[in-house]
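Bear in mind these aren't lab numbers, they're just calculated from the coordinates by the rules spelled out. Since the model is a prediction, treat every value here as computed from it, not as a measurement. Glycine gets a Cβ as well: all are built from the backbone with ideal geometry, and neighbour counts include every protein chain shown.
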Amino acid sequence: MKKNLLDERLLACAEFVREKSVLADVGTDHAYLPVSLILDGKIERALACDINEKPLEKAKETAQKYDVFDKISFRLCDGLKGVFENEFSDLAIAGMGGEMIAKILENCPYIKCDKYNLILQPMTKANVLRKFLCENGFEIVDEKALKANSKIYTVINAKYSKNEQKCDLLFEYLGKLSEKGDENALAYKRKVKNSLLKKAKGILSADKENEFAKNLIKTAEKIKI
Ligand SMILES: C[S@@+](CC[C@H](N)C(=O)[O-])C[C@H]1O[C@@H](n2cnc3c(N)ncnc32)[C@H](O)[C@@H]1O
């Protein structure tokens, strides 16, 4: 019994999970991602973590329904605070704001290690997350744009590389999607371009010489669609 547990967003996350890895799914809610990956045979075990009791109960119900309860360890915790560093190899944090995802990573010092494969799916403020990753030594290895519920999102695949970098504005807003030309990536670029121009216009209407706003316009002009 299964399937179609995953919508486009979680499907895109699932693609970045490595075969035979042990996945920690932080903010698991219904645990669709780990349950589906176990049912597909891509992974054998997972940790389903959530800060709230109700979602974790839902996670347990899903695991019971699909008969994979004994393959998942359930943790009621904030971020990775209830997980030891050797318990997993791949980490998914999906369906939260970019700032919250960055905070969860920041609060987990051991995640700064290249053995972890990070799959991060911000619902908002993807730019804040990209900037955090760059400035804290994480490399964005790949990104995929996707459409779900008529909205456009990104999934970021990252790993620790020690290389702390200044993040330029174009990379902050587009990351690896600047290299992509598929339909969803183009829609993402269009959205970013429009929002940068709108933001710049708002600032310039109050301060005609604002350098930051001029920079936003220059960045928007670099986005080729
Ligand atoms: C919108 S759901 C996302 C569920 C699933 N990951 C997805 O993408 O469909 C967000 C979940 O994250 C949990 N959450 C929020 N902050 C958290 C934190 N600091 N640590 C762990 N879980 C958290 C919430 O309780 C909620 O169940």
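If you stretched the chain out fully between K191 and D142, how much longer would it get, using 0.36 nm times the residue separation minus the C-alpha to C-alpha distance? Each step should come with its number before you reach the end.
Values: separation 49, 0.36 × 49 = 17.64 nm, distance 1.95 nm.
Residue separation times 0.36 nm, minus the Cα-Cα distance, leaves 15.7 nm.
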* Can you tell me which of 144-150, 199-205 comes out highest on packing, and rank the rest after it, using the mean Cβ neighbours within 10 Å? => 144-150, 199-205
* Structure fact -> Whole-Hz Karplus couplings 3J(HN,Hα) for region 122-139, θ = phi - 60° and coefficients 6.51, -1.76, 1.60, Gly and Pro as x, run x, 7, 9, 6, 4, 4, 5, 5, 4, 4, 4, 4, 4, 6, 10, x, 9, 9
* Mind checking the angle between helix 183-206 and the chain's longest principal axis? C-alpha axes, 0 to 90 degrees, to the nearest 10. -> 50
* So how many Å³ per residue does the convex hull of the Cα atoms of the chain work out to? -> 127
* Asked: Can you put L39, L23 in order, fewest other beta carbons within 10 Å first?
  -> L39, L23
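Counting other C-beta atoms within 10 Å, which of R75, R190, R45 has the fewest, and how do the rest follow? All intermediate terms of the calculation are to be shown ahead of the outcome.
Numbers: R75 21, R190 13, R45 17.
Listed from fewest to most nearby Cβ atoms, that is R190, R45, R75.
Using Cα-Cα distances under 8 Å and only pairs 6 or more residues apart, what relative contact order does region 8-167 have, in percent? Numbers along the way, then the final one.
Numbers: 353 pairs, mean separation 35.0, N = 160.
Relative contact order here is 22 percent.
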* **Amide H contacts under 5 Å for G95, placed H, 5+ residues apart** => Q121, M123
* Is any residue of region 17-48 close enough, with backbone N under 14 Å, to a label point placed 7 angstrom from the Cα of D7 along the Cα-Cβ axis, and if so, which? -> 29-33
* To do: Taking each pair of different alpha-carbon atoms in region 1-129 once, compute 1/r for the pair, average those values, and report the inverse of that mean as the Kirkwood hydrodynamic radius in Å to one decimal.
  => 14.4
* Unpaired by the 4.7 Å Cβ criterion, cysteines found in the chain -> C13, C49, C77, C108, C113
* region 42-117 - Debye-derived log10 I(q)/I(0), Cα point model, q = 0.14, 0.21 Å⁻¹ -> -0.48, -1.05
* N117 long-range amide H proximity, modeled H, under 5 Å -> D90, L91
